[in-house]
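The values are calculated or read from the model by the stated rules, or taken from the named source; none is laboratory data. Note that the coordinates shown come from a computational prediction; the quantities given were computed from them, not determined experimentally. Each accessible area value is taken on the protein alone, full model and side chains, heavy atoms only, with ligands, DNA and RNA left out. Shrake-Rupley method; radii C 1.70, N 1.55, O 1.52, S 1.80 Å.
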Amino acid sequence: MFISYPSCGSLFHKIRKRRQLTIHNVQGRLHKTSISYFENKKSEIRVSNLMEILRTCLVSAESGRIVENRLRSLSCQIIQAIFLERNLR
């Protein structure tokens, strides 16, 4: 499943920059170009890949579990919203 909401990439870019992280810092197993294209609205991103770069960007040692639970909840909400949107067409 892919995420294609237009503001999602730019929001991630703002979060990453606010935390003074480079694409290299958050890329994990993804290619830097994939993240750059996502941030600049040139491509979509898989939910699993978004979760991976968000986890890298947001997790600190003491808040890891809390963020992980929030990411799971958010991913469920995103999937439900996409499912509902597709069924309403």
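So how much slack lies between Val47 and Ile82, counting 0.36 nm per residue of separation and subtracting their Cα-Cα distance, in nm?
Numbers: separation 35, 0.36 × 35 = 12.60 nm, distance 1.13 nm.
Between Val47 and Ile82, full extension yields 11.5 nm more.
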Rounded to the nearest 10 Å², the accessible area of Lys42 at probe 1.4 Å: 150 Å²
With DNA, RNA and ligands ignored, accessible area of Ser34 (1.4 Å probe; Å², nearest 10): 60 Å²
